[in-house]
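A short write-up of the structure that comes next.
The values are calculated or read from the model by the stated rules, or taken from the named source; none is laboratory data. If you're wondering where the values come from, they're calculated on a predicted model, not measured in any experiment. Because the Cβ atoms are built from the backbone with ideal geometry, glycine has one as well, and the counts that use them run over all protein chains shown.
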Amino acid sequence: MAEAIIGPLVWRLQEMAVGQARALVSVNDDIVRLRDRLMWLQAFLREADAKRRAVSDEVNKVWLLQTRDAVFDAEDALDHFYLRVDMSRYI
């Protein structure tokens, strides 16, 4: 479950870092730091998911659901960023 939640976001961040690094050198360091933090979060979620499967814990369930929602919000922010970058090419 954790892989399915965080994996696509980590991949998209890596893709964004590579694609935009030439144009946005100053932002690239921030993207890399965010990617690194998300990779740590992904590892933590894998462990939390394994523990959740072993023991039904309401706190872990709520935390995982809220984390999933935060990841979806981050993906929406990336989509918005891509849209603004694409639109700026035509201005």
Every listed condition ((1) modelled with pLDDT under 75; (2) surrounded by 14 or more Cβ atoms within 10 Å (Cβ to Cβ)) holds for ILE6 save (1)
Among the residues of region 62-77, the number that are under 16 Å from ALA43 (Cα atoms) and touching a residue at least 60 places away in the same chain (Cβ under 8 Å) is 4
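Restricted to region 25-44, and to residues that are surrounded by 16 or more Cβ atoms within 10 Å (Cβ to Cβ) and modelled with pLDDT under 80, which residue is farthest from PHE72 (Cα to Cα)?
Initially, region 25-44 is screened for residues surrounded by 16 or more Cβ atoms within 10 Å (Cβ to Cβ), giving 28, 31, 34-35, 38, 41-42.
Filter once more, keeping what is modelled with pLDDT under 80: 28, 31.
Details: ASN28: 21, ILE31: 17 Å.
That would be ASN28.
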Take the conditions among the charged types (D, E, K, R) and modelled with pLDDT of 80 or more and apply them to ARG53. Does it pass? no
Return only the number of the condition from (1) under 20 Å from GLN14 (Cα atoms); (2) loosely packed, with under 13 Cβ neighbours inside 10 Å; (3) modelled with pLDDT of 80 or more that GLN66 does not satisfy. (1)
